[in-house]
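The values are calculated or read from the model by the stated rules, or taken from the named source; none is laboratory data. All values reported here derive from a predicted model rather than from experimental measurement. Backbone-built Cβ (ideal geometry, glycine too); neighbour counts: all protein chains shown. The area values use the complete protein model at the heavy-atom level, side chains included, leaving out ligands, DNA and RNA. Shrake-Rupley method; radii C 1.70, N 1.55, O 1.52, S 1.80 Å.
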Amino acid sequence: MTIPKKVRLVEVGPRDGLQNEKQPISVADKVRLVDDLSAAGLGYIEVGSFVSPKWVPQMAGSAEVFAGITYRPGVTYAALAPNMKGFEAALEAGVKEVAVFAAASEAFSQKNINCSIAESLERFVPLMDAARANGIRVRGYISCVLGCPYEGEVPAGQVAAIAAQLDAMGCYEVSLGDTIGTGTAGATRQLFEVVGARVPRERLAGHFHDTYGQAVANVHAGLLEGIAVFDSSVAGLGGCPYAKGATGNVATEDLLYLMNGMGIETGIDMDRLVDAGQRICAVLGKENGSRVARALLAKRSR
(Lines give C-alpha, C1' and ligand atoms only; values in the text may rest on other atoms or scores of the structure.)
Protein backbone atom coordinates (compact mmCIF):
# COMPACT_ATOMS: atom_id res chain seq x y z
CA MET A 1 0.00 0.00 0.00
CA THR A 2 1.51 3.36 -0.99
CA ILE A 3 1.38 6.32 1.37
CA PRO A 4 -0.72 9.16 -0.12
CA LYS A 5 1.26 12.08 -1.58
CA LYS A 6 -1.56 14.48 -0.75
CA VAL A 7 -3.85 14.47 2.30
CA ARG A 8 -7.04 16.39 3.06
CA LEU A 9 -7.46 17.48 6.67
CA VAL A 10 -11.11 17.98 7.63
CA GLU A 11 -11.23 20.73 10.26
CA VAL A 12 -13.90 19.94 12.87
CA GLY A 13 -12.88 22.49 15.52
CA PRO A 14 -15.73 24.99 14.97
CA ARG A 15 -18.28 22.18 15.40
CA ASP A 16 -16.96 19.09 17.19
CA GLY A 17 -14.43 21.19 19.10
CA LEU A 18 -16.62 24.02 20.35
CA GLN A 19 -19.73 21.95 21.09
CA ASN A 20 -18.16 20.60 24.30
CA GLU A 21 -17.29 24.03 25.72
CA LYS A 22 -19.30 25.10 28.76
CA GLN A 23 -19.17 28.89 28.31
CA PRO A 24 -21.19 30.70 25.63
CA ILE A 25 -19.19 31.62 22.50
CA SER A 26 -20.33 34.57 20.39
CA VAL A 27 -21.25 34.25 16.72
CA ALA A 28 -18.51 36.80 15.96
CA ASP A 29 -15.86 34.60 17.60
CA LYS A 30 -17.09 31.54 15.70
CA VAL A 31 -17.03 33.48 12.42
CA ARG A 32 -13.50 34.71 13.18
CA LEU A 33 -12.36 31.14 13.86
CA VAL A 34 -13.77 29.84 10.55
CA ASP A 35 -12.25 32.77 8.62
CA ASP A 36 -8.87 32.26 10.34
CA LEU A 37 -8.94 28.57 9.40
CA SER A 38 -9.81 29.18 5.75
CA ALA A 39 -7.08 31.86 5.59
CA ALA A 40 -4.61 29.25 6.90
CA GLY A 41 -5.41 27.03 3.91
CA LEU A 42 -7.89 24.53 5.35
CA GLY A 43 -9.94 23.30 2.40
CA TYR A 44 -12.73 21.67 4.41
CA ILE A 45 -14.24 23.19 7.55
CA GLU A 46 -17.14 21.85 9.59
CA VAL A 47 -18.69 25.17 10.55
CA GLY A 48 -21.58 24.15 12.79
CA SER A 49 -24.41 21.82 13.54
CA PHE A 50 -28.15 22.03 12.98
CA VAL A 51 -29.33 20.25 16.10
CA SER A 52 -31.68 21.31 18.88
CA PRO A 53 -29.99 23.99 21.06
CA LYS A 54 -31.64 22.19 23.98
CA TRP A 55 -29.21 19.28 23.44
CA VAL A 56 -26.18 21.17 22.13
CA PRO A 57 -26.38 24.81 23.31
CA GLN A 58 -23.05 25.79 21.71
CA MET A 59 -24.39 25.08 18.23
CA ALA A 60 -27.21 27.61 18.52
CA GLY A 61 -26.58 30.36 15.96
CA SER A 62 -25.04 28.08 13.32
CA ALA A 63 -27.18 29.75 10.63
CA GLU A 64 -25.80 33.17 11.69
CA VAL A 65 -22.25 31.81 11.51
CA PHE A 66 -22.84 30.55 7.96
CA ALA A 67 -24.26 33.98 7.08
CA GLY A 68 -21.25 35.80 8.59
CA ILE A 69 -18.24 33.91 7.24
CA THR A 70 -16.14 34.99 4.26
CA TYR A 71 -16.52 32.27 1.64
CA ARG A 72 -13.25 31.41 -0.09
CA PRO A 73 -13.34 29.64 -3.46
CA GLY A 74 -12.50 25.95 -3.27
CA VAL A 75 -13.27 25.65 0.45
CA THR A 76 -16.04 23.32 1.63
CA TYR A 77 -18.08 24.75 4.51
CA ALA A 78 -20.07 21.85 5.96
CA ALA A 79 -22.55 21.27 8.78
CA LEU A 80 -23.72 18.33 10.84
CA ALA A 81 -27.39 17.64 10.10
CA PRO A 82 -28.40 14.51 12.01
CA ASN A 83 -32.06 14.45 10.92
CA MET A 84 -34.55 15.86 8.42
CA LYS A 85 -35.29 18.94 10.52
CA GLY A 86 -31.57 19.69 10.76
CA PHE A 87 -31.15 19.13 7.03
CA GLU A 88 -33.95 21.58 6.19
CA ALA A 89 -32.37 24.22 8.47
CA ALA A 90 -28.97 23.64 6.82
CA LEU A 91 -30.52 23.98 3.37
CA GLU A 92 -32.17 27.24 4.40
CA ALA A 93 -28.76 28.52 5.61
CA GLY A 94 -27.29 27.82 2.17
CA VAL A 95 -25.13 24.89 3.28
CA LYS A 96 -23.77 22.84 0.36
CA GLU A 97 -22.54 19.80 2.30
CA VAL A 98 -23.85 18.02 5.39
CA ALA A 99 -22.71 15.18 7.60
CA VAL A 100 -24.79 12.44 9.23
CA PHE A 101 -23.65 10.07 11.96
CA ALA A 102 -24.31 6.53 13.12
CA ALA A 103 -22.72 4.54 15.93
CA ALA A 104 -20.85 1.25 15.57
CA SER A 105 -22.21 0.06 18.93
CA GLU A 106 -25.87 -0.55 19.82
CA ALA A 107 -25.45 0.67 23.41
CA PHE A 108 -23.86 3.94 22.28
CA SER A 109 -26.58 4.46 19.66
CA GLN A 110 -29.31 3.97 22.29
CA LYS A 111 -27.68 6.25 24.87
CA ASN A 112 -26.59 8.93 22.42
CA ILE A 113 -29.49 9.19 19.98
CA ASN A 114 -32.12 7.02 21.64
CA CYS A 115 -32.58 4.50 18.82
CA SER A 116 -30.96 1.38 17.39
CA ILE A 117 -28.28 1.50 14.67
CA ALA A 118 -30.80 0.17 12.14
CA GLU A 119 -33.35 2.84 13.12
CA SER A 120 -30.73 5.60 12.86
CA LEU A 121 -29.82 4.48 9.33
CA GLU A 122 -33.50 4.26 8.41
CA ARG A 123 -33.93 7.91 9.47
CA PHE A 124 -31.28 8.96 6.93
CA VAL A 125 -33.25 7.65 3.93
CA PRO A 126 -35.49 10.73 3.44
CA LEU A 127 -32.53 13.01 4.22
CA MET A 128 -30.39 11.31 1.55
CA ASP A 129 -33.27 11.60 -0.96
CA ALA A 130 -33.67 15.32 -0.16
CA ALA A 131 -29.90 15.86 -0.42
CA ARG A 132 -29.83 14.23 -3.86
CA ALA A 133 -32.80 16.33 -5.01
CA ASN A 134 -31.04 19.52 -3.83
CA GLY A 135 -27.55 18.66 -5.06
CA ILE A 136 -26.14 18.51 -1.49
CA ARG A 137 -23.21 16.20 -0.79
CA VAL A 138 -23.43 14.00 2.31
CA ARG A 139 -20.53 12.71 4.40
CA GLY A 140 -21.07 9.90 6.90
CA TYR A 141 -19.57 9.46 10.36
CA ILE A 142 -19.41 6.25 12.36
CA SER A 143 -18.59 6.68 16.05
CA CYS A 144 -17.01 4.18 18.48
CA VAL A 145 -15.24 2.22 15.72
CA LEU A 146 -12.34 1.14 17.98
CA GLY A 147 -14.17 0.82 21.27
CA CYS A 148 -17.35 1.82 23.08
CA PRO A 149 -17.66 3.28 26.61
CA TYR A 150 -20.52 0.85 27.32
CA GLU A 151 -19.70 -2.29 25.30
CA GLY A 152 -15.90 -2.26 25.17
CA GLU A 153 -14.48 -3.78 21.97
CA VAL A 154 -16.38 -3.28 18.73
CA PRO A 155 -15.92 -5.92 15.98
CA ALA A 156 -14.38 -4.47 12.79
CA GLY A 157 -16.91 -6.46 10.74
CA GLN A 158 -19.74 -4.56 12.42
CA VAL A 159 -18.12 -1.23 11.46
CA ALA A 160 -17.63 -2.48 7.88
CA ALA A 161 -21.32 -3.42 7.57
CA ILE A 162 -22.46 0.05 8.69
CA ALA A 163 -19.89 1.78 6.45
CA ALA A 164 -21.13 -0.27 3.48
CA GLN A 165 -24.72 0.79 4.23
CA LEU A 166 -23.80 4.50 4.44
CA ASP A 167 -21.82 4.13 1.21
CA ALA A 168 -24.74 2.43 -0.54
CA MET A 169 -27.12 5.15 0.69
CA GLY A 170 -25.04 7.77 -1.10
CA CYS A 171 -22.49 9.11 1.42
CA TYR A 172 -19.53 10.07 -0.78
CA GLU A 173 -17.15 9.47 2.15
CA VAL A 174 -17.37 7.63 5.48
CA SER A 175 -15.28 8.84 8.42
CA LEU A 176 -14.42 6.18 11.00
CA GLY A 177 -14.33 7.73 14.47
CA ASP A 178 -12.40 6.48 17.50
CA THR A 179 -14.73 8.42 19.81
CA ILE A 180 -13.14 7.38 23.12
CA GLY A 181 -9.59 7.33 21.78
CA THR A 182 -8.74 3.77 22.87
CA GLY A 183 -7.52 2.64 19.44
CA THR A 184 -3.94 1.62 18.72
CA ALA A 185 -1.95 1.55 15.48
CA GLY A 186 -2.37 -2.22 15.04
CA ALA A 187 -6.12 -2.10 15.62
CA THR A 188 -6.40 0.90 13.27
CA ARG A 189 -4.63 -0.91 10.43
CA GLN A 190 -6.82 -3.98 10.92
CA LEU A 191 -9.96 -1.81 10.96
CA PHE A 192 -9.08 -0.13 7.64
CA GLU A 193 -8.23 -3.53 6.14
CA VAL A 194 -11.61 -4.99 7.11
CA VAL A 195 -13.68 -1.90 6.21
CA GLY A 196 -11.58 -1.34 3.06
CA ALA A 197 -12.70 -4.73 1.78
CA ARG A 198 -16.31 -3.43 1.73
CA VAL A 199 -15.85 0.29 0.94
CA PRO A 200 -13.01 1.59 -1.30
CA ARG A 201 -10.27 3.23 0.78
CA GLU A 202 -10.49 6.42 -1.26
CA ARG A 203 -14.00 6.81 0.22
CA LEU A 204 -12.85 6.36 3.82
CA ALA A 205 -11.50 8.84 6.38
CA GLY A 206 -10.13 8.59 9.92
CA HIS A 207 -11.30 10.56 12.97
CA PHE A 208 -9.10 9.93 16.01
CA HIS A 209 -9.34 11.16 19.58
CA ASP A 210 -6.21 11.52 21.66
CA THR A 211 -7.47 10.22 25.03
CA TYR A 212 -4.60 7.73 25.33
CA GLY A 213 -2.10 9.80 23.32
CA GLN A 214 -2.35 7.46 20.31
CA ALA A 215 -4.10 9.68 17.75
CA VAL A 216 -1.03 10.69 15.72
CA ALA A 217 0.20 7.07 15.69
CA ASN A 218 -3.25 5.97 14.51
CA VAL A 219 -3.25 8.56 11.71
CA HIS A 220 0.17 7.26 10.64
CA ALA A 221 -1.28 3.73 10.64
CA GLY A 222 -4.12 5.01 8.44
CA LEU A 223 -1.61 6.55 6.02
CA LEU A 224 0.13 3.16 5.77
CA GLU A 225 -3.27 1.73 4.77
CA GLY A 226 -3.61 4.33 1.98
CA ILE A 227 -6.13 6.57 3.78
CA ALA A 228 -5.82 10.18 2.58
CA VAL A 229 -8.46 12.06 4.62
CA PHE A 230 -8.31 12.73 8.38
CA ASP A 231 -10.49 14.81 10.68
CA SER A 232 -8.79 17.07 13.23
CA SER A 233 -9.50 20.04 15.45
CA VAL A 234 -7.41 23.22 15.71
CA ALA A 235 -5.64 23.50 19.10
CA GLY A 236 -7.06 20.05 19.93
CA LEU A 237 -10.42 21.65 20.82
CA GLY A 238 -13.08 19.35 22.19
CA GLY A 239 -13.01 17.09 25.21
CA CYS A 240 -14.14 13.50 25.43
CA PRO A 241 -17.36 13.35 27.49
CA TYR A 242 -16.86 9.64 28.22
CA ALA A 243 -13.42 9.91 29.85
CA LYS A 244 -13.12 12.53 32.59
CA GLY A 245 -10.35 15.03 31.90
CA ALA A 246 -9.40 13.32 28.64
CA THR A 247 -8.42 15.22 25.55
CA GLY A 248 -10.68 14.92 22.55
CA ASN A 249 -9.92 15.44 18.88
CA VAL A 250 -6.38 15.18 17.60
CA ALA A 251 -4.96 18.68 17.03
CA THR A 252 -4.76 19.87 13.43
CA GLU A 253 -1.32 21.39 14.14
CA ASP A 254 -0.02 17.98 15.31
CA LEU A 255 -1.28 16.24 12.17
CA LEU A 256 0.12 18.99 9.94
CA TYR A 257 3.54 18.56 11.59
CA LEU A 258 3.36 14.81 10.85
CA MET A 259 2.35 15.44 7.21
CA ASN A 260 5.06 18.08 6.70
CA GLY A 261 7.65 15.71 8.14
CA MET A 262 6.60 13.00 5.69
CA GLY A 263 6.60 15.34 2.68
CA ILE A 264 2.83 14.98 2.28
CA GLU A 265 1.06 17.94 0.69
CA THR A 266 -1.85 19.59 2.56
CA GLY A 267 -1.83 23.22 1.40
CA ILE A 268 -1.99 24.47 5.03
CA ASP A 269 0.19 27.25 6.47
CA MET A 270 1.44 26.20 9.94
CA ASP A 271 2.06 29.70 11.30
CA ARG A 272 -1.42 30.90 10.38
CA LEU A 273 -2.93 27.72 11.78
CA VAL A 274 -1.11 28.19 15.11
CA ASP A 275 -2.35 31.81 15.24
CA ALA A 276 -5.94 30.65 14.62
CA GLY A 277 -5.74 28.09 17.41
CA GLN A 278 -4.12 30.48 19.86
CA ARG A 279 -6.74 33.18 19.19
CA ILE A 280 -9.69 30.88 19.93
CA CYS A 281 -7.90 29.50 23.03
CA ALA A 282 -7.58 33.08 24.32
CA VAL A 283 -11.34 33.57 23.77
CA LEU A 284 -12.04 30.36 25.69
CA GLY A 285 -9.49 31.15 28.39
CA LYS A 286 -7.83 27.77 28.04
CA GLU A 287 -4.42 26.32 27.24
CA ASN A 288 -3.71 25.27 23.66
CA GLY A 289 -4.22 21.51 23.41
CA SER A 290 -1.75 21.05 20.53
CA ARG A 291 1.76 19.96 21.50
CA VAL A 292 3.14 21.29 18.23
CA ALA A 293 1.43 24.68 18.72
CA ARG A 294 2.78 24.93 22.29
CA ALA A 295 6.31 24.10 21.10
CA LEU A 296 6.18 26.62 18.24
CA LEU A 297 4.70 29.34 20.49
CA ALA A 298 7.45 28.75 23.06
CA LYS A 299 10.03 29.04 20.28
CA ARG A 300 8.48 32.31 19.10
CA SER A 301 8.57 33.83 22.59
CA ARG A 302 12.28 33.13 23.13
Legend entry - Every residue from segment 195-212 that is hydrophobic (A, V, I, L, M, F, W, C) and open to solvent by less than 10 Å² (accessible area, probe 1.4 Å): VAL195, VAL199, LEU204, ALA205, PHE208
Legend entry - Residues (more than 28 Å from LYS96 (Cβ to Cβ) and either open to solvent by 20 Å² or more (accessible area, probe 1.4 Å) or β-branched (Val, Ile, Thr) (or both)) located in segment 126-155: LEU146, PRO149, TYR150, GLU151, GLY152, GLU153, VAL154, PRO155
Legend entry - Any hit, segment 273-282, residues being surrounded by fewer than 19 Cβ atoms within 10 Å (Cβ to Cβ), in contact (Cβ under 8 Å) with a residue 60 or more places away in the chain, touching a strand residue (DSSP E or B) at 6+ places or on another chain (Cβ under 6 Å) and of a type in the set (D, E, K, R): no
Inset, instruction - Return yes when ALA99 is under 16 Å from ILE142 (Cβ atoms), small (Gly, Ala, Ser) and surrounded by 14 or more Cβ atoms within 10 Å (Cβ to Cβ) and no when it is not. - result: yes
Legend entry - Residue count, segment 290-302 (criterion: modelled with pLDDT of 95 or more and in a loop (DSSP other than H, G, I, E, B)): 1
Legend entry - Answer residue from segment 143-192, given it is of a type in the set (Val, Ile, Thr), in a loop (DSSP other than H, G, I, E, B) and in contact (Cβ under 8 Å) with a residue 60 or more places away in the chain and is farthest from MET128 (Cα to Cα) among those: ILE180
Inset, instruction - Looking only at segment 234-246, decide whether some residue is of a type in the set (Phe, Trp, Tyr), under 30 Å from PRO200 (Cβ atoms) and either in contact with a Pro (Cβ under 7 Å, 6 or more places away or on another chain) or surrounded by 19 or more Cβ atoms within 10 Å (Cβ to Cβ) (or both). - result: no
Inset, instruction - Out of SER52, SER26, report the one residue that is within 30 Å of LEU121 (Cβ to Cβ), surrounded by fewer than 18 Cβ atoms within 10 Å (Cβ to Cβ) and without any contact (Cβ under 8 Å) to a residue 12 or more places away in the chain. - result: SER52
